[in-house]
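Colleague: Structure incoming, see below.
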Amino acid sequence: MGKMEGRVAIVTGAAQGIGRAVARKLAAEGATVVCADQNGDGAGQAAAELPGATATRADVSRPDDVQRLVDETLTAHGKVDALAHVAAVVPFTAWDDIDFEEWRRIMSVNLDGTYLVNRAVYGPMREAGYGRIVNICSNVVLAGTPNLAHYVASKGGVLAFTRALAREIGKHGITVNSVAPGLTASEGALASPHKEAFEFVQMLQCIPRRGEPSDIAPSVAFLLSEEAGWVTGQMLVADAGMTHN
Ligand code: 4PL
């Protein structure tokens, strides 16, 4: 019996990369998964391969989309036990080439999106007296990786917000943690200049191979399981030891 048997889980960013791997892992552990993505077709394809899963198109930076995501989840499945908030934009821009519009877009999707999705699942979780939330952070908050200053700032916000929220809602049976991957071979990373960094990053890791989305999903699944109930406000760094110093 899987550790997510009988649970309903929302996964944002589920069309590809780490989100898709998390959706697969949660389904393999028995969860009914709601695959959410701004790419509605991609969300549908992710859901189609998972028994009982449904899909919703949602841009996490839009309050109306996020509310509709949770409303549709409650209509289809009756509750929301778990949230894996994975959706984010991963840029590659030297810090002095970032214009204010790009800065705002990263903050809007990565940080505002985290607030909006966490806020939207809170109501039903509080009513149920149970919830598990994981927000995807990044080891860039420890490493200060270059060409990502706005992304690093947004993920620093995700880390700190996660801690603050954990403090406020633990009394309702809800845990809130983050998982911080290192560079991971998602479709997004492989289609960006970050693909050039895999060799260098591998030299910094304790385990010298390319990180895959399936390397991240088990850490998320653990924190979303009922048995992780004594762990909250934490950041679990899943980066092959790149930043352990
Ligand atoms: C180590 O989260 O963690 C590049 C791009 N290199 O997005 C990331 C590292 C990137 C990372 C990340």
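The values are calculated or read from the model by the stated rules, or taken from the named source; none is laboratory data. This is a predicted model, so every value here is computed, not measured. Cβ atoms come from the backbone with ideal geometry, glycine included; neighbour counts cover every protein chain shown.
Colleague: Suppose we keep only residues that are of a type in the set (Ser, Thr, Tyr) and over 28 Å from residue 7 (Cβ atoms) within segment 100-155. Which one would you say is farthest from the chain's Cα centre (by Cα)? Talk me through it step by step, then tell me what you get.
Modeller: To start, the set of residues in segment 100-155 that are of a type in the set (Ser, Thr, Tyr) comprises 108, 114-115, 122, 130, 138, 145, 151, 154.
Now restrict to residues that are over 28 Å from residue 7 (Cβ atoms): 108, 145, 151, 154.
Working: 108: 15, 145: 19, 151: 14, 154: 13 Å.
Filtering first and then ranking leaves 145.
Colleague: Using the structure shown, decide if residue 180 is in contact with a Cys (Cβ under 6 Å, 6 or more places away or on another chain) and under 27 Å from residue 30 (Cα atoms). First the steps, then the outcome.
Modeller: Numbers: in contact with a Cys (Cβ under 6 Å, 6 or more places away or on another chain): yes; under 27 Å from residue 30 (Cα atoms): yes.
Against the criterion (in contact with a Cys (Cβ under 6 Å, 6 or more places away or on another chain) and under 27 Å from residue 30 (Cα atoms)), residue 180 qualifies.
Colleague: Next question, about the same structure. So which pairs qualify, if the first residue must be in segment 42-59 and touching a residue at least 60 places away in the same chain (Cβ under 8 Å), the second must be crowded, with 18+ Cβ neighbours inside 10 Å and not in a strand (DSSP E or B), the Cβ gap must be under 8 Å, and the two must be at least 6 apart or on different chains?
Modeller: none
Colleague: Could you please find all residues in segment 187-210 being more than 9 Å from the ligand (Cβ to nearest atom) and crowded, with 18+ Cβ neighbours inside 10 Å?
Modeller: Once the filter is applied, which keeps residues that are more than 9 Å from the ligand (Cβ to nearest atom) and crowded, with 18+ Cβ neighbours inside 10 Å, segment 187-210 yields only 205.
Colleague: Only residues that are crowded, with 20+ Cβ neighbours inside 10 Å, of a type in the set (Gly, Ala, Ser) and closer than 22 Å to residue 150 by Cβ: list them for segment 98-129, please.
Modeller: Hit for segment 98-129 is 113, nothing else.
Colleague: Next up: Inside segment 10-38, can you point out the residues that are over 15 Å from residue 58 (Cβ atoms) and of a type in the set (A, V, I, L, M, F, W, C)?
Modeller: 18, 21, 22, 26, 27, 28, 31
Colleague: Restricting to segment 211-237, what's the tally of residues that are among the β-branched types (Val, Ile, Thr) and surrounded by 21 or more Cβ atoms within 10 Å (Cβ to Cβ)? Spell out how you get there, then give the answer.
Modeller: If we filter segment 211-237 for residues that are among the β-branched types (Val, Ile, Thr), which is where we start, we get 216, 220, 231-232, 237.
Filter once more, so that each one left must be surrounded by 21 or more Cβ atoms within 10 Å (Cβ to Cβ): 216, 220, 237.
Count: 3.
Colleague: Within segment 172-243, considering only helices (runs of 4 or more DSSP H) that don't extend past its boundaries, which have at least 2 residues that are modelled with pLDDT of 95 or more and under 13 Å from the mean Cα position of the chain (by Cα)?
Modeller: Those helices (runs of 4 or more DSSP H) span 213-224.
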